[in-house]
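The values are calculated or read from the model by the stated rules, or taken from the named source; none is laboratory data. What you are looking at is a predicted structure, and each value in this text was computed from that prediction instead of being measured. When we count neighbours, we look across all protein chains shown, and the Cβ atoms used for this are built from the backbone with ideal geometry, even at glycine.
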Amino acid sequence: MHDRIRSRIAGVRERLDPGAETALLVANGPDMTWCSGFSGSNGCLVFLSDRTVLITDGRYETQAAEECPGLEVVILQGDALRSAAVWLSERPIATVLVQADHVPWATLRHVEHVLPRAEIQPVNDPFPDLRAPKSSAEVGLIRRALEITEATFTRIIGTLKEGITENELAAEIDHLQRREGASRSAYDTIVAFSERSALPHARPGGRALKHGDIILLDFGCVVEGYHSDMTRMIAFGGADKSFLDAYAAVQDALQKATDHASAGIQGVVLDAVARDVLTRHGVGNRFTHSLGHGVGLEIHEYPSVSAKNPHPLPAGSVITLEPGVYFPGSFGIRIENMVQLRSDGCDVFNSLDTRLTLV
């Protein structure tokens, strides 16, 4: 077993200290991957007092052996969490801890049925806190994913021409990222022209590019499980003063948020920094989403950088900073960078500056 995996498993045990008759079931995919290295779509880690077991099905027997050397693997049939309950029914288990936020109701009822004498309890999930600080190896993969995303943005500028549709441009972005070494896109690539950029989560469509359009590109990719996330804006043939003024406001908000970002600042406080800047520019009411989110094995993970998060942001976490303003029927603006939080500030991962790209 790799030292990294051994250390992570030990970290989970330190948080939970399962007793002799207690079992912890971990079936959330990113948590399993982080803790064991297993990346299959059907698996369950079972933590017992004296052993940790990965349960999966026959499709992943070879993959589990390759990804989790030294970890005990049990091959069963069907849904891995349900199989884990059956496997535990042959053992003297009094308490079963489950990740309540990640277990479907029907599956939970099945576990209760299979283990009628065990008490099924939601666990105080340790994984968000454990996964938030990124190791140097994790940072390296995130940086590599972002390098691919930035290189793709630079290359995509040369493909812009009147008549290309949002769908075609999104497909080209996804293709280029795979060509550069990504395993897949981090999420559905957002390409939005002019009035459609006012939709924060616009889906690419058949809208064709015209001279004078504004282009919003929000995309990322995955490298060995780790994600990148970036948003940049392009003016295709120029932009008017109202757009440029709003763009300057968003750029100012991003810079001020970056200046204030550090480990220990509350998510609500950092969100307010950007929101206050936009308010001073007269567009605060157009900022309709949170400032950012954690990124790693998931594109949206702990911690949240929002008005709903009163907790301090953890040291070592990688987050996005993405202020935006949206004017329905006209245009939207969002600029997004990735940073890692230190006790005395943050490291910006992006090499591309945030100036409006003019084509």
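Using the structure shown, decide if K256 is among the basic types (K, R), under 26 Å from D31 (Cα atoms) and either part of a helix (DSSP H, G or I) or assigned by TED's automatic domain parsing to the domain that holds G140 (or both).
For K256, the condition - among the basic types (K, R), under 26 Å from D31 (Cα atoms) and either part of a helix (DSSP H, G or I) or assigned by TED's automatic domain parsing to the domain that holds G140 (or both) - is not met.
With the structure loaded, tell me whether S7 is of a type in the set (S, T, Y), under 18 Å from L130 (Cα atoms) and loosely packed, with under 15 Cβ neighbours inside 10 Å or whether it fails that test.
In short, yes.
Can you find, within region 48-64, the residue that is nearest to I93 (Cα to Cα) among those that are hydrophobic (A, V, I, L, M, F, W, C) and at pLDDT 95 or above?
Step by step, filter region 48-64, then rank; the result is V53.
Which count do you get for residues in region 56-66 that are in a helix (DSSP H, G or I) and surrounded by fewer than 19 Cβ atoms within 10 Å (Cβ to Cβ)?
The total comes to 7.
Out of curiosity, is D271 among the acidic types (D, E) and surrounded by 15 or more Cβ atoms within 10 Å (Cβ to Cβ)?
When the stated conditions are applied, D271 passes them.
In this structure, is P122 closer than 25 Å to E301 by Cβ, free of Cβ contacts under 8 Å to residues at least 12 places away in the same chain, surrounded by fewer than 16 Cβ atoms within 10 Å (Cβ to Cβ) and not β-branched (V, I, T)? Reasoning before the result, please.
On the way: closer than 25 Å to E301 by Cβ: yes; free of Cβ contacts under 8 Å to residues at least 12 places away in the same chain: no; surrounded by fewer than 16 Cβ atoms within 10 Å (Cβ to Cβ): yes; not β-branched (V, I, T): yes.
Taking the combined requirement at face value, the residue does not satisfy it.
Suppose we filter region 228-255 for residues that are within 25 Å of the chain's Cα centre (by Cα) and of a type in the set (S, T, Y); how many remain?
2
Looking at L81, L25 in this structure, which one is buried (at least 19 other Cβ atoms within 10 Å of the Cβ), of a type outside the set (V, I, T) and part of a strand (DSSP E or B)?
Step by step, each of L81, L25 is checked, and only L25 is buried (at least 19 other Cβ atoms within 10 Å of the Cβ), of a type outside the set (V, I, T) and part of a strand (DSSP E or B).
Residues in region 335-349 that are closer than 15 Å to G267 by Cα and out of contact with any strand residue (DSSP E or B) (no Cβ under 6 Å at 6 or more places or on another chain): how many?
Residues flagged as closer than 15 Å to G267 by Cα and out of contact with any strand residue (DSSP E or B) (no Cβ under 6 Å at 6 or more places or on another chain) within region 335-349 amount to 4.
Looking at region 292-318, which of its residues are within 14 Å of the chain's Cα centre (by Cα) and of a type outside the set (G, A, S)?
Once the filter is applied, which keeps residues that are within 14 Å of the chain's Cα centre (by Cα) and of a type outside the set (G, A, S), region 292-318 yields H293, V295, L297, E298, I299, H300, E301, Y302, P303, V305, V318.
Just one of (1) under 26 Å from the mean Cα position of the chain (by Cα); (2) at positive phi; (3) of a type outside the set (D, E, K, R) trips up T258, so point out which.
T258 satisfies all of (1) under 26 Å from the mean Cα position of the chain (by Cα); (2) at positive phi; (3) of a type outside the set (D, E, K, R) except (2).
Run Y247 past the list (1) closer than 15 Å to R355 by Cβ; (2) surrounded by fewer than 19 Cβ atoms within 10 Å (Cβ to Cβ) and report the number of the one that doesn't hold.
Going through (1) closer than 15 Å to R355 by Cβ; (2) surrounded by fewer than 19 Cβ atoms within 10 Å (Cβ to Cβ) one by one, Y247 breaks only (2).
Exactly one condition in (1) within 30 Å of the chain's Cα centre (by Cα); (2) buried (at least 19 other Cβ atoms within 10 Å of the Cβ) is false for T107; which is it?
Single failed check for T107: (2).
Considering only region 181-194, I want to know if a residue exists there that is under 18 Å from S330 (Cβ atoms), in contact (Cβ under 8 Å) with a residue 60 or more places away in the chain, β-branched (V, I, T) and in contact with a strand residue (DSSP E or B) (Cβ under 6 Å, 6 or more places away or on another chain).
No, region 181-194 has no match at all.
Are any of the residues in region 321-334 closer than 24 Å to G140 by Cα and in contact with a strand residue (DSSP E or B) (Cβ under 9 Å, 6 or more places away or on another chain)?
Yes, region 321-334 contains at least one residue that is closer than 24 Å to G140 by Cα and in contact with a strand residue (DSSP E or B) (Cβ under 9 Å, 6 or more places away or on another chain).
I'd like to know if region 291-310 contains one or more residues that are out of contact with any Leu (no Cβ under 8 Å at 6 or more places or on another chain) and free of Cβ contacts under 8 Å to residues at least 12 places away in the same chain.
Taking every residue of region 291-310 in turn, at least one turns out to be out of contact with any Leu (no Cβ under 8 Å at 6 or more places or on another chain) and free of Cβ contacts under 8 Å to residues at least 12 places away in the same chain.
Considering region 224-241 alone, what residues qualify as being in a strand (DSSP E or B) and either surrounded by 24 or more Cβ atoms within 10 Å (Cβ to Cβ) or touching a Gly at 6+ places or on another chain (Cβ under 6 Å) (or both)?
Within region 224-241, Y226, H227, M230, R232, M233 meet the criteria.
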